[in-house]
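The structure appears right after this line, and notes come after that.
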Amino acid sequence: MLSKLLKYDFKSLSKISIPVYLVSLLLALLTRVINMLADKFHVFSVPSGFISGIFVVVLIAIPIATFIFTILKFYQNLIKDEGYLMHTLPVSKNSLILSKTISSTVFIVISFIFSILFLFVGVYGIWFDSKLLSLIWDLFKQVDTVFIILIMLSILISVIFNQVMIYASIALGQKHNNKVMYSVIYGVVLYNVTQILSVVILLPVMFLDPNYQKYINGTSISDFGLINGYLLFALFLSILFTVAYYVLTVKVLDKKLNLG
Amino acid sequence: MEFIEFKNLSKNFGPKEALKNINLKIEKGKIYGLLGPNGSGKTTMIKIINDLLQPTSGEILINGREPGIESKKIISFLPERTYLNMNMKVSELIQFFKDFYEDFDEKKAIQLLHKLKIKETDQLKNMSKGTKEKVQLVMVMSRKADLYILDEPIGGVDPASRDYILETILTNFNEGSSILISTHLISDIEKILDQVIFINQGKIVLNEDADTIRKKKKTTIDKLFREEFKC
């Protein structure tokens, strides 16, 4: 049943996302054309500045808007009127939440990748200079590979964590009559609980770690091993919180559902 | 043999008691009328059967088990509100029901929709409220379910549409299955009921065979309801 749920969640998210991507691509091309004209004709310098400003705002907004949109879909689909259909389907709550988590994550990551891609289109056009690509590749090669992988994984887990934390807030909030207000309150509470617990767990580890003390004293500054170790630890903590909030969401929607 | 059994079931919303110690059995093969004034607890009972609310105390058993995936396979539920995804076309909605309910009869659904002059290509968001309600009813009645639960199916529609809805219900429900209809518009549905359940202030105040009520009380169920719940 998960595959069927995924089919409908992907379809529902793509109905809004694909037109947004197409419009953003057109804006990127338009920005590139106007900037090229501005290089040759001075009269285009003002429109060029204006459209470049809009373009940058749109690039930043695409992944953020996608994130907000997926949360709104979750709320509309499972807590508002559509919930009467979704919660009476013969599927487990785990499948319902997992489908939402997977589809939302995929769309947020795609939005993020498209934002970067459109930035290149806006600045360099659709034909990239091969020198530019090799320059980027050289930059990557200079940085530790494990570090790059850990950073990428951290971004991915952070996207999933933030979604699931908001799902848990909504699941807890829907138990009350004023569902939106309580969802916001639980969101603030869960965010602060996560922050405090992370610090409480991380601080003693840092104080007891001799390598970290050396790093602080400046004896071993460019140590990727140390940074990667802490990144890995932070990643492990994020996964732990994500799993905890995921289980909480499933349990609350299973045992304490309160559709108004 | 009972199909659904409420055992000492209560439901509170904060300090308010919505259902008080409900004991009730619903059998197969009968049409039940769950009748009561607004706020009497009808929808709360229905939501509990459909696993949309959990009881505060007591239990509900469907085929001997708590509500869950298995009960959702055999119960076809029409809520009192529109639960459709408005971005869908009729054809997508049909596919959705086909994908998730093994007992969904696609041919029957298309046939019923064509009678209403609704095409598969029609967008749900462009339909009137009444048409959306009819589409929803068609979807629910096109399942070969063991129990159809219809919450206020005629509440928001004109008298002509009420006749259509009642006819659709009666001619399309699966033989041997049960129907539980909740409403406060009793005169329109009393002729089709086998069993009448009156609920008031969260308590079952009457649960009797419809013909027995008429014989014993020498009145219609509508009149009896008006007397019972007179303000």
note = Relative to chain B, whose Cα atoms define the longest principal axis, helix B:129-141 and its Cα axis are tilted in degrees, nearest 10, by 80 degrees
note = Given a Förster distance of 30 Å, the FRET efficiency implied by the Cβ-Cβ spacing of residue A:147 and residue A:205, rounded to the nearest 0.05, works out to 0.95
note = Here the whole-number average of other chain Cβ atoms within 10 Å per Cβ of A:86-96 is 5
remark   = Rounded to a whole number, the mean other protein chain Cβ count within 10 angstrom for residues of B:75-84 is 4
task = Mind giving me the FRET efficiency for residue B:121 and residue B:160? R0 is 35 Å, r the Cβ-Cβ distance, nearest 0.05 is fine.
result = 0.85
query = Using θ = phi - 60° and the Karplus curve 6.51 cos²θ - 1.76 cosθ + 1.60, what whole-Hz ³J(HN,Hα) does each residue of the range B:4-9 get, with Gly and Pro shown as x?
reply = 10, 9, 8, 10, 6, 8
Within chain B: Cβ-based charge dipole about Cα centre, in debye rounded to nearest 20 (Lys, Arg +1; Asp, Glu -1) = 500 debye
key: Accessible-area order (highest first, 1.4 angstrom probe) of the listed residues A:203, B:24, B:206   = A:203, B:206, B:24
request  = Take each complete run of DSSP H in chain A, measure how far its Cα atoms stretch along the helix's own axis, and keep only those covering 30 Å or more with mean Kyte-Doolittle hydropathy at least 1.0; list them.
outcome  = A:45-78, A:93-124, A:145-173, A:179-208, A:224-255
Portion, in percent, of the accessible area of the protein assembly as shown that falls on carbon or sulfur, probe 1.4 Å = 63 percent
request  = Of the DSSP beta bridges with both residues in the protein assembly as shown, give the percent that are antiparallel, rounding to the nearest 5.
outcome  = 55 percent
note = Computed about the Cα centre, the charge dipole of the protein assembly as shown from +1 Lys/Arg and -1 Asp/Glu charges at the Cβ has a magnitude in debye, to the nearest 20, of 740 debye
query = Using 7 Å Cα-to-Cβ label points, what is the residue B:10/residue B:30 separation (nm, one decimal)?
reply = 2.6 nm
query = Using protein heavy atoms only (no ligands, DNA or RNA), what is the total accessible area buried between A and B, 1.4 Å probe, nearest 100 Å²?
reply = 2600 Å²
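The values are calculated or read from the model by the stated rules, or taken from the named source; none is laboratory data. The model shown is predicted, which means the values in this text are computed figures rather than measured ones. Glycine gets a Cβ as well: all are built from the backbone with ideal geometry, and neighbour counts include every protein chain shown. Just so you know, the surface numbers come from the protein's heavy atoms only, side chains and all, with ligands and any DNA or RNA stripped out. Shrake-Rupley method; radii C 1.70, N 1.55, O 1.52, S 1.80 Å.
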